[in-house]
Structures are given as structure tokens and as C-alpha cells.
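K.L.:
Quick one: this structure, given as C-alpha cells, is what I'll be asking you about.
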Amino acid sequence: MPITEREGIGDPAPPSSFYRDRLFEWFKKHPAAGQDARVASERFERFVSAQQFWDRAMAEAIAGTLRDERHPLVVGIMGSGHIEYGDGVPYQLAALGIDDLATALPWLADTEYPIHDPPIADILFGVAPAP
């Protein structure tokens, strides 16, 4: 996206390969992926760029608020894909020098906790399955 159309948002930090792989899994399920591999590849790159820009925009808004002289507590509510495994917004916040944060995700109480390194989130809180 041209810098003149970014409304002040800076360049996102490049995505980790792990984040790109997860984005690709989501992208493959989307109708925009289509059948043509070349076209799908171009669309995927635009999808990654869009996600990175969105992550960066949210991170810059959070960072700007955290830098307020009153030092407020900031809670960002966003989709899980923007915080899982420390990618997305936490990754962009780290690139902005903000690393004092915690992530929390709802987790169905009757499902197994995912064991990964890095963890999917700092905190998982149980929620009841939908009726």
C-alpha cells in the first residue's frame, strides 16, 4: 500500500514463517484462493500484506496509548488469529519496543489444551460449549 494511503501507519515487521504458514492454512479455506496456483499465490501475498498491515495498525494504536504520560492499562479485544503464538499484534508490538504484555484466549472447557512452543496464548480461560 502506498505510504500516502496508510493514514500514518508504519511498515509492518515481516511475518515469521510460522505465521505465514498459519495464514496459508486459513487462506486455503477461503474462496479467494481459487484453483489457479499462480493467481492464488498472488492473492495469498496480498492477504499476508493485509493481515500484517492490520496487525501493525492495531499495534500502533495500542503502543500510542501505552506511551501516554498517565500510563494506562490497555486491553485490546481482537480476533484470536491476531494474537495466537505471539504472532500478529504481539509481534508488531515487540517490533515497536513493547514487550510487557499478556495474551488471553477463550478455550472450550471440554477440549484439550494445545501444547506448543511458543504457547498459543499466555492465558486460556474456559468457556462452555455452545448449546
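K.L.:
Remind me, relative contact order of the chain in percent, using alpha carbon pairs under 8 angstrom and six or more residues apart? Mind showing how you got there, number by number?
P.N.:
Working: 121 pairs, mean separation 27.9, N = 131.
Here the relative contact order equals 21 percent.
K.L.:
Then there's this: Would you compute, from DSSP H runs of 4+ residues alone, the mean residue ellipticity of the chain at 222 nm, taking -39500 (n - 2.57) per run and dividing by the full residue count, rounded to the nearest 500?
P.N.:
Details: 3 runs with 49 residues, N = 131.
Dividing the helical sum by the residues of the chain leaves -12500 deg cm²/dmol.
K.L.:
If the only charges are +1 at each Lys and Arg Cβ and -1 at each Asp and Glu Cβ, what is the size of the charge dipole of the chain around the Cα centre, to the nearest 20 debye? Mind showing how you got there, number by number?
P.N.:
Details: 11 positive and 20 negative charges, 82 e Å.
The dipole of the chain has a size of about 400 debye.
K.L.:
Using a 10 angstrom cutoff on alpha carbons, build the Gaussian network for the chain and name the most mobile of Leu23, Leu73, Leu101.
P.N.:
In the Gaussian network model the winner is Leu73.
K.L.:
If you don't mind, another one. I'd like the carbon and sulfur percentage of the solvent accessible area for the chain, probe radius 1.4 Å, heavy atoms only, ligands and nucleic acids excluded. Before the final figure, lay out each step's value.
P.N.:
On the way: 5060 of 8780 Å².
Accessible surface attributable to carbon and sulfur in the chain totals 58 percent.
The values are calculated or read from the model by the stated rules, or taken from the named source; none is laboratory data. From a predicted model like this one, the values you see are computed outputs, not experimental measurements. A quick note on method: Cβ atoms are made from the backbone with ideal geometry, for glycine too, and the neighbour counts reach across all protein chains shown. The protein model used for the area step is the full one, side chains on, heavy atoms only, and it has no ligands, DNA or RNA in it. Shrake-Rupley method; radii C 1.70, N 1.55, O 1.52, S 1.80 Å.
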